[in-house]
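The values are calculated or read from the model by the stated rules, or taken from the named source; none is laboratory data. Remember, predicted model here, so these are calculated numbers, not experimental data. So basically every Cβ, Gly included, is an ideal-geometry build from the backbone, and we count neighbours across all protein chains shown.
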Amino acid sequence: MKISNETKVGALTAIAIVILIMGFNFLKGRNLTERSDKVMSVFPDIKGLQVSNPVYIKGLQVGKVYEMHEKDNDLSGIIVTFTLTKNINIPDNSVAIINSDLLGSNSLEIRMGDSKTFIGHGDTLQTTQKLGIMTEITNSLNPALNNVNKTLASLDGLIQQLSSTLDPKTQGNLQSIIASLSSTSQQLEKLIAAQSAALGKTITNVETITGAFARNSGKIDTTLANLQKTTGSLADAQIDQTLQSVRSTMAKLEQTLTAVNSKNGTVGMLLNDRQLYNELRMTNRSLTTLLDDIRVNPRRYLSVSVFGKKQKSGPILQPITYDSTQGN
């Protein structure tokens, strides 16, 4: 049965629409080929999280971000819905955290709880905020500064106790030492403050760079895909086999040229033996002379009556040269 062009166009259009819908849903983190559970979490700030970003548990990807929308008109929270594609028991007291690396890539992490009750489709996970880099650095520096202040306070109390038992000269020296320590501590605080500001600028610059990487992630992915296609094409081209074939051909050609250049083979003797060349040249000249003599004086070699009497003229001793302008 012959299929009409209209039917073919309609079938191709339907297939293209199905592929378009599947591709659009895949980019949005939806998988039409397998079942998935949807779980929600409410965040005060999503920090650049996007649809289709991965969801991890202990480093293993277990799903993708499905969709995000505001909780209310006051934007008191953002509801993030993500799909779980693996059959993993997640306790209901687990928490969801948004992670951001130095390159600007965001992901959702689920930290497992210890409850014996597990979440299901449509449940909501609690959330918690992950500390930023500056907050972590400040929290690390604060205990050290507190220890320095406690040490200075203890040293000040000790010096005050000693001052009551020392002479005025020694007390003056101690006061000088205390003043120096106080000045040093102030300079140390200024240095830490300056370094904190410089560190803050550096982190800001790093965030700017990672933001640029994030904005150009599509171009980077396209470049990597093109590079992967190119390397795949080179891998499929069987370059090693081609090079081996070329090497084998070159080796055979080299053997042939060596045999030609050698005087032992037939071709080598023809190319390199001057005496053989001269003999072939003289033989060719004699054969040409004989053919010219037979053509000019046929009666010398044939005694047929058609030619009459036998020709008595002498034989031709060299080839006849012709004038190309005469046409003979």
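One residue is enough: does segment 173-196 have a residue meeting the conditions out of contact with any Gly (no Cβ under 7 Å at 6 or more places or on another chain), within 24 Å of ASN106 (Cα to Cα) and modelled with pLDDT of 75 or more? Scanning segment 173-196 turns up no residue that is out of contact with any Gly (no Cβ under 7 Å at 6 or more places or on another chain), within 24 Å of ASN106 (Cα to Cα) and modelled with pLDDT of 75 or more. Here ASP92 fits the description: among the acidic types (Asp, Glu), surrounded by 14 or more Cβ atoms within 10 Å (Cβ to Cβ) and at pLDDT 90 or above. Each residue in segment 122-135 was checked for being assigned to a loop (DSSP other than H, G, I, E, B) and at pLDDT below 90, and 6 pass. Whenever a residue of segment 113-127 is over 15 Å from ASN87 (Cα atoms), its partners that are assigned to a strand (DSSP E or B) and hydroxyl-bearing (Ser, Thr, Tyr), lying with C-beta atoms within less than 8 angstrom and at least six residues away or across chains, give the pairs THR124/SER41; LEU125/SER41; GLN126/SER41; THR127/SER41. Answer yes or no as to whether ILE110 is closer than 16 Å to ILE57 by Cα and at pLDDT 90 or above. When the stated conditions are applied, ILE110 passes them. The conditions of being modelled with pLDDT of 80 or more and outside the structural domain of SER100 (by TED's automatic domain parsing) are met by LYS252. Condition (residue is of a type in the set (Ser, Thr, Tyr), over 18 Å from the mean Cα position of the chain (by Cα) and at pLDDT 75 or above) applied to segment 224-245: is it met by at least one residue? Taking every residue of segment 224-245 in turn, at least one turns out to be of a type in the set (Ser, Thr, Tyr), over 18 Å from the mean Cα position of the chain (by Cα) and at pLDDT 75 or above. Among the numbered criteria (1) at pLDDT below 90; (2) buried (at least 16 other Cβ atoms within 10 Å of the Cβ); (3) polar (S, T, N, Q), which one does ASN25 miss? Failed condition: (2).
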